[in-house]
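Worksheet: one structure, shown below.
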Amino acid sequence: MLYIQKFDAADNAVALDDMILTTDSTTTAGSKMLANYTSLFEAEVVTKLKAAGYAIAGKANVGEFGLDLMGETSHFGPVEADGKLVGAPAAILASEPVKAVVCFDVNGAPRRMAALSDALFVKPTYGTVSRYGTIPAACSGETVGVMARNADDAAEILAAIMGHDDKDGTSLPAEKCKLGEAAPVKKIAVVGDLTAGTDADMAAKVDAAKASLAASGIEVAEIDCSVMAAAKTAWGILMSAELCNNVSRYDGVKFGHRTENYTNIDELYTNSRTEAFGMLTKTTILYGSETLSTENYMKVYDKAMRVRRVIVEAFADIFAEFDAVLVPAASKCALTADDDAFDEAFYTAPASITGLPAVAAKGVQLVGRAFSEATLLSLAKVL
Amino acid sequence: MRYETVIGLEVHIELATESKIFCSCSAKFGGEQNDHVCPACCGMPGMLPIVNRHVVDLGMTAGLMLNCHINRTTTFDKKSYYYPDLPCSYQTTQWFAPVAVNGLVEIETSKGKKGIRIKQIHMEEDAGKLVHDDWTDTTLVDFNRTSVPLCEIVSQPDLSSAEEVVAYLERLRSLLRFAKVSDCRMEQGSMRCDVNLSVRPEGSTKLGVRTEMKNMNSLSAIVRAIEYETARHIDAIENGTEELVQETRRWDDVKGKSYAMRSKETAGDYRYFPDPNIMPVVIDDAWFDGIKASLPEFPEIKRARYTGEYGLSDYDAGLLTESRAFCDCFEDALAVCGSAKEVANWLISDVMNILNKRQLTVDELAIDGKALGALIKLCMDGTVQRGNAKKILTAMFDETITDPEAYAKEHGFIVSNDTGAMDEVVTRIVASDPKSVADFKGGKEKALMALFGKCMKELKGNCDPQKLRERLLAEINK
């Protein structure tokens with residue numbers, strides 16, 4: 001299923017992935033838990049899009065709570081072609097007259113969808129687009145971004161949704177929440193530790209990207225930065241812990257799926273959640289619950305927080321010399337539902353855990369300095 | 001063997017803010033069920049918590065009133081547990097860096113003065129309420145109270161008797177009400193108390209097995225519960241009547257017994273972690289200094305000042321300093337009229353009378369102290385008669401009167417200097433009531449009062465009673 005709900009909208013309207021709350025349709029987060037859930041308020045990005053004159057084309061199917069590879073865990077079914085995952089937002093851009101799909105990047109799914117199709121996804125710096133009205137999954141790293149056919153469309157829509165929002169306590173000051181000017185780029189780093197493990201197709205994509213950048217006069221250099229490989233585990237821990245906590249509100253009491261099979265409050269909780277959550281969500285909840293236990297907090301969760309700071313510092317060191325980091329978007333160019341979302345996060349976690357901006361296209365991602373979205377979008381044009 | 005009781009208290013107080021801790025819903029007590037509710041405080045996805053700055057003001061104020069160190073960077077953390085009255089299935093509280101730590105509260109009991117150490121004060125959100133309907137055998141949830149801001153004040157186990165616990169709670173209540181942190185009404189649940197209690201042989205430094213009694217909400221129940229638990233612990237130790245285990249117990253005040261609720265082994269792991277949606281709150285110097293400057297004088301310091309500086313009796317000063325509202329009113333009125341004794345008399349007799357008649361507490365006094373001062377001044381200089389001034393005072397409780405003189409003019413309460421009018425009334429009344437005149441002349445003092453009253457009524461009270469009396473006697477004896 002492409003759309004959970006589709007509206008009559010003119011050409012060039014903007015679609016939203018179904019993690020973004022709207023009041024005139026359901027918002028499901030791809031979960032049976034919220035299959036009939038309609039929000040009482042709309043997301044700030046929706047308000048901003050409407051104010052800028054864009055119509056909403058519909059709600060794109062997403063994987064449950066945005067945790068998965070490319071939408072394969074949606075309660076409403078995956079979007080595939082020839083057995084390979086495509087993802088609803090990418091398929092919509094390929095077949096529908098929408099200008100862009102505004103997506104919620106929790107664990108890299110929109111980046112993978114764009115990079116493994118003909119689309120482009122820009123994940124802006126954390127705090128520059130309001131998260132008010134997005135279904136919370138992993139609040140410390142998730143970001144609203146834009147999937148489009150090209151860098152100009154992505155820039156246009158991103159400029160419309162960026163901005164400070166008093167309703168989001170992590171929103172940055174207004175002067176930071178602007179799509180700036182593209183800066184000249186001299187050097188780009190390829191972190192060897194993050195290109196390991198790719199198949200030949202993906203390695204070819206990375207080589208092609210390097211060649212395109214070099215052809216436009218940019219120096220591309222391979223560097224080592226082993227701590228980057230720890231981002232996957234650290235982000236897995238933080239994301240799981242936050243997801244576990246964020247979805248604990250879905251208990252069958254107030255809204256969302258309620259089991260018919262209960263005689264007391266514990267059965268109401270257990271059966272409602274057992275029936276309505278998919279396997280990846282359940283796994284993540286269990287994992288997250290363990291990482292936050294009194295026994296594990298310091299040696300697991302707190303350590304992941306410290307790793308986050310180390311990775312932020314590692315990027316800062318790299319950006320002292322380089323203007324961006326080139327990272328594969330996935331281990332291979334075609335993913336299936338049998339691949340593992342936690343494993344594939346190896347490539348997307350560095351940008352998720354640091355909140356740094358990234359642009360994904362043509363098999364790869366470019367991760368840049370905070371507030372360098374315009375620069376990254378201009379680089380995407382030469383890929 | 002002699003035993004000593006070791007008690008630590010966790011006191012929850014509802015903070016006196018207009019709105020809830022993370023949304024703009026009303027934080028007022030009462031209202032129709034689920035009236036004070038929005039998507040944020042009933043746990044709907046997509047709402048993000050925005051810290052109510054006034055909550056931090058009051059948390060800091062509580063900390064300073066209880067001599068705590070204020071953490072200038074304070075964080076909010078999530079505490080996870082499932083219960084239907086907790087809409088998000090997590091409570092936002094302070095675990096890693098509470099707003100205030102390491103305080104000291106001095107109490108006084110029959111055994112003298114004692115310092116009780118405060119471990120920490122943290123800010124958090126309250127949970128909702130479950131309403132059980134026996135008729136339909138259902139349970140409904142009322143979210144009015146969810147996210148109402150609380151402070152939890154955690155003491156060290158420094159208390160050793162029910163008397164000390166009561167003295168401590170009364171001291172907390174007095175200090176926090178004075179600083180307008182909370183109204184601290186146990187009967188409305190705005191002050192609740194968890195009692196942690198253990199017993200050990202006197203002189204021992206090793207703590208015994210601790211039990212916790214949750215949500216105690218009256219001083220008398222707390223006293224009974226402490227006495228019962230102490231006896232139960234000693235009995236268990238001395239006579240082996242039962243094995244003491246670390247557990248949470250419920251106090252049944254009707255039966256006068258405590259019952260086991262859950263033991264430590266089965267207690268859930270709250271899985272605390274920092275809330276990523278709330279940036280650490282940084283209290284800068286300007287903020288800190290502003291709160292520090294706004295702290296009230298402690299009640300006992302005020303009391304000493306009222307007796308020393310203003311010459312009030314210790315009894316009167318004690319009455320006035322029971323309530324911040326009375327002190328504020330007293331000081332404002334005094335600044336206008338200049339007579340501490342007059343203001344104290346008005347507050348302790350007339351104002352207290354009106355409050356009693358209206359079944360209001362001293363904290364609910366809402367009249368403007370400056371206006372009261374102006375009224376007392378009018379009375380002192382003879383512009384308005386005391387009887388009429390009382391009428392104006394009563395009116396002050398019903399409407400905002402900032403200028404009593406204008407009000408007095410409007411309602412004809414100004415004492416007239418027109419002796420012609422007095423002469424006319426006295427002559428007429430004396431002429432119209434020869435019986436009273438005769439009675440008075442025959443020695444009945446009361447008859448004069450009857451005539452006086454008639455004249456006063458005609459003059460609407462607006463004359464100097466002394467002059468009226470003189471004029472009346474002169475007329476009778478003419």
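The values are calculated or read from the model by the stated rules, or taken from the named source; none is laboratory data. Only a predicted model underlies this, so the values are computations on that prediction, with no experimental measurement involved. Cβ coordinates were reconstructed from backbone atoms using ideal geometry, including for glycine residues, and neighbour counts include every protein chain displayed. Heavy atoms of the whole protein, side chains included, go into the accessibility calculation; ligands, DNA and RNA do not. Shrake-Rupley method; radii C 1.70, N 1.55, O 1.52, S 1.80 Å.
Structure notes:
- Among the candidates A:Ala360, A:Ala314, A:Ala324, A:Ala349, the residue that is buried (at least 22 other Cβ atoms within 10 Å of the Cβ), touching a residue at least 60 places away in the same chain (Cβ under 8 Å), under 26 Å from A:Ser226 (Cβ atoms) and over 18 Å from the mean Cα position of the chain (by Cα) is uniquely A:Ala324.
- Residue in the range B:12-54 that is most open to solvent (accessible area, probe 1.4 Å), counting only those that are within 14 Å of chain A (Cβ to nearest Cβ) and β-branched (Val, Ile, Thr): B:Ile50
- Test: B:Pro296 is in a loop (DSSP other than H, G, I, E, B), surrounded by 13 or more Cβ atoms within 10 Å (Cβ to Cβ) and in contact (Cβ under 8 Å) with a residue 60 or more places away in the chain: yes
- The range B:55-68 - residue that is open to solvent by 20 Å² or more (accessible area, probe 1.4 Å) and outside any loop (DSSP other than H, G, I, E, B) and, of those, nearest to the other protein chains (Cβ to nearest Cβ): B:Asp57
- Filtered residue count, the range B:263-303, keeping only those that are more than 14 Å from chain A (Cβ to nearest Cβ) and out of contact with any Gly (no Cβ under 8 Å at 6 or more places or on another chain): 21
- Evaluated against (1) open to solvent by 20 Å² or more (accessible area, probe 1.4 Å); (2) free of Cβ contacts under 8 Å to residues at least 60 places away in the same chain, B:Ser161 falls short on exactly one condition, (2).
- Across the range B:250-260, not a single residue is classified as within 14 Å of B:Pro157 (Cβ to Cβ) and of a type outside the set (Val, Ile, Thr).
- Residue match in the range A:121-144 (condition: in contact with a strand residue (DSSP E or B) (Cβ under 9 Å, 6 or more places away or on another chain), aromatic (Phe, Trp, Tyr) and more than 13 Å from every other protein chain (Cβ to nearest Cβ)): yes
- Of the residues making up the range B:69-83, those that are in a loop (DSSP other than H, G, I, E, B), of a type outside the set (S, T, N, Q) and open to solvent by 20 Å² or more (accessible area, probe 1.4 Å) number 4.
- Yes/no for B:Ala304 being open to solvent by 40 Å² or more (accessible area, probe 1.4 Å), assigned to a helix (DSSP H, G or I) and either acidic (Asp, Glu) or over 29 Å from B:Phe397 (Cβ atoms) (or both): yes
- When B:Leu9 is tested against (1) more than 13 Å from chain A (Cβ to nearest Cβ); (2) open to solvent by 10 Å² or more (accessible area, probe 1.4 Å); (3) in contact with a Cys (Cβ under 7 Å, 6 or more places away or on another chain); (4) of a type in the set (A, V, I, L, M, F, W, C), exactly one condition is not met: (2).
- You will find that of A:Asn261, A:Asn271, the residue that is outside any helix (DSSP H, G or I) and modelled with pLDDT of 95 or more is A:Asn261 and no other.
- Positions within the range A:235-258 being in a helix (DSSP H, G or I), within 14 Å of another protein chain (Cβ to nearest Cβ) and of a type outside the set (D, E, K, R), in sequence order: A:Trp235, A:Ile237, A:Leu238, A:Met239, A:Ser240, A:Ala241, A:Leu243, A:Cys244, A:Asn245, A:Asn246, A:Val247, A:Ser248
- For the condition touching a Ser or Thr at 6+ places or on another chain (Cβ under 7 Å), under 28 Å from A:Ala114 (Cβ atoms), of a type in the set (S, T, N, Q) and at pLDDT 95 or above, A:Ser331 qualifies.
- Among the residues listed as A:Asp193, A:Asp153, the single one being open to solvent by 10 Å² or more (accessible area, probe 1.4 Å), out of contact with any Gly (no Cβ under 6 Å at 6 or more places or on another chain), under 22 Å from A:Pro110 (Cβ atoms) and not small (Gly, Ala, Ser): A:Asp153
- Scan of the range A:75-84 for residues that are on the phi > 0 side of the Ramachandran plot and open to solvent by less than 40 Å² (accessible area, probe 1.4 Å), ordered by number: A:Gly77
- Search result, residues across the range A:207-234 that are hydroxyl-bearing (Ser, Thr, Tyr) and either part of a helix (DSSP H, G or I) or buried (at least 20 other Cβ atoms within 10 Å of the Cβ) (or both): A:Ser212, A:Ser226, A:Thr233
- Residue match in the range A:150-172 (condition: within 14 Å of chain B (Cβ to nearest Cβ), among the small types (Gly, Ala, Ser) and closer than 27 Å to A:Leu243 by Cα): yes
- Selection count where residues are in contact (Cβ under 8 Å) with a residue 40 or more places away in the chain and either within 18 Å of the chain's Cα centre (by Cα) or in a helix (DSSP H, G or I) (or both), scope the range B:338-358: 4
- Matching residues in the range A:6-46 - criterion: being among the β-branched types (Val, Ile, Thr) and either under 19 Å from the mean Cα position of the chain (by Cα) or crowded, with 19+ Cβ neighbours inside 10 Å (or both): A:Val14, A:Ile20, A:Thr22, A:Thr27, A:Thr28, A:Val45, A:Val46
- Meets criteria (under 13 Å from the mean Cα position of the chain (by Cα) and hydroxyl-bearing (Ser, Thr, Tyr)) for A:Thr198: no
- Residue count for the range A:290-304, restricted to those that are under 29 Å from A:Val62 (Cα atoms) and either away from every other protein chain (no Cβ under 11 Å) or open to solvent by 30 Å² or more (accessible area, probe 1.4 Å) (or both): 1.
Per-residue answers, yes or no, for (1) over 23 Å from B:Pro280 (Cβ atoms); (2) out of contact with any Lys or Arg (no Cβ under 7 Å at 6 or more places or on another chain):
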site: B:Met47; (1), (2): no, yes
site: B:Thr61; (1), (2): no, yes
site: B:Leu64; (1), (2): no, no
site: B:Ile70; (1), (2): no, yes
site: B:Tyr90; (1), (2): no, no
site: B:Ala100; (1), (2): no, yes
site: B:Gln120; (1), (2): no, yes
site: B:Trp135; (1), (2): yes, yes
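- Looking only at the range A:266-286, and only at residues there that are more than 20 Å from the chain's Cα centre (by Cα) and open to solvent by 70 Å² or more (accessible area, probe 1.4 Å), the one that is farthest from the other protein chains (Cβ to nearest Cβ): A:Glu275
- Members of the range A:47-74 that are away from every other protein chain (no Cβ under 14 Å), surrounded by fewer than 21 Cβ atoms within 10 Å (Cβ to Cβ) and of a type outside the set (Lys, Arg): A:Ala51, A:Ala52, A:Gly53, A:Ala55
- Strands (runs of 3 or more DSSP E) contained in the range A:1-80 and holding at least 2 residues in contact with a Ser or Thr (Cβ under 8 Å, 6 or more places away or on another chain): A:3-6, A:56-60
- All of B:Asp316, B:Asp328, B:Asp289 fail the test of being in a helix (DSSP H, G or I) and at pLDDT 95 or above, apart from B:Asp289.
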